[in-house]
Amino acid sequence: MQTQSPPPQLPKQTALAAPAIAVAQPTKIVSAPLGTLSITLAPPPAPVTPLSETPAVWVGGATLLGVAATIAFGWRKMKKELAFTAEQSTIERNQSRDQASLDRQYQSEQAHQERITKARREVYLEVISEMVKAQTALVQLPTQDVQKLDVVTSFNGLITAVSKVSILGEMETVVMSRDLLNVIHQSLFRMLARLNPIHEVQMEAQYNEKKVAEHQAAIDRLISEGESILETSKGPDELKRVQNALQSRQAEIEKYGKAAIAAKLELISKHRAYGEEVLAKTLTIRLKVDELVVAIRTELSLPTSLKQLHTTTREMHGLSLTALKELQATLENDRNANSST
């Protein structure tokens, strides 16, 4: 008895696990010499996708990188903003500190300037006041006794005031004040040179007037003596003597009286010449004063016009000359009236 061998077995196909669900394939029956074979067709194995190419992994990685980039960019932006804010704060603090320092310095300078301006104002007013006193003293020099003349007292205040200006004033004002002081000193020395001739004529007039007074007193005594002689009926010789003495004294009175009148006329002429020269010097001084006033007002930030000051000064000088001429004419008329009488 022949034993029937089992049909040959085909090697089993090892199926790879696929991520997807396998779809059932139809079974095919194939005839073979040794028997019937049943063949089942299986789908090919699914290809293995690398992890880096997996969409889920790629999308997740891209998302993670985006989040990381956003965080990094935000952190960098925040760092820049914080640095900018800190820098701005530092700049503002420095500016505030500098501005406060400038404000303190400005206030200090303003206070200092106000103190200087106040001191200058007082000194400048003192200079103008002493200037007026000096001009008045210059005009009144001929009326003073030369032997008792005190020039230092009259002009020392002006010298002191100008010295104060040299300490507190601007350089232009200092130069103007010193220039003005020099002009006054020059005028003073020239006027002092005219005082001696005036003093001599004045002394001569006083001497002649004194002699006239002495002879007049002697005449009064002689008149009394003559009346006494007439009352006592003394001799004619005594009366003749008194009459001769009266004639002699009368002649002396006429002589000294004429000399006194001539001296007074000369004195008036010299005073007139002195006054005219003083007025001329006063014009120069006033013009210099105008320049000093302009310098002072410029320091005090006051609008000033040197041209207008000079114009008014010359107008005032013209009025002074007119008044002087009128005074001289009045004195001349009085002198002529006294001479006629």
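A short reminder: the numbers here are calculations on the coordinates, not readings from a lab. These figures come from a predicted structure and were not determined experimentally. Reconstructed Cβ throughout: ideal geometry from the backbone, glycine too, with neighbour counts over all protein chains shown.
With a Förster radius of 45 Å applied to the C-beta separation of residue 232 and residue 255, the computed FRET efficiency comes to 0.90.
Relative to the current alpha-carbon distance between residue 77 and residue 207, full extension at 0.36 nm per residue lengthens the span by 35.4 nm. Taking 7 Å steps out from each Cα toward its Cβ at residue 193 and residue 323 produces label points 2.9 nm apart. Note on 171, 203: ascending count of other Cβ atoms within 10 Å places them as 171, 203, the fewest first.
Okay, which of region 185-203 sit inside 14 Å, backbone N to the point 7 Å along the Cα-Cβ direction of residue 269? Correct set: 198, 201-202.
A simple spin-label model places pseudo-atoms 7 Å from Cα toward Cβ; at residue 277 and residue 178 they are separated by 2.8 nm. Peptides 285-297, 127-139, ordered by how many other C-beta atoms sit within 10 Å of their residues on average, highest first, read 285-297, 127-139.
Spin-label pair residue 121-residue 92: with each label point 7 Å from Cα along the Cα-Cβ axis, the two points sit 4.2 nm from one another. In this calculation the C-beta distance from residue 300 to residue 217 is compared with R0 = 45 Å, giving a FRET efficiency of 0.10.
On full extension, the segment bounded by residue 146 and residue 330 gains 63.5 nm, given 0.36 nm per residue less the C-alpha separation.
A simple count of charges around residue 142, restricted to other residues whose Cβ falls under 10 Å of its Cβ and scoring Lys, Arg +1 and Asp, Glu -1, yields +2.
On the beta carbon distance between residue 136 and residue 310, with R0 = 22 Å, the FRET formula returns roughly 0.50. Available extension along the chain between residue 241 and residue 85 is 43.2 nm, counting 0.36 nm per residue and deducting the alpha carbon span.
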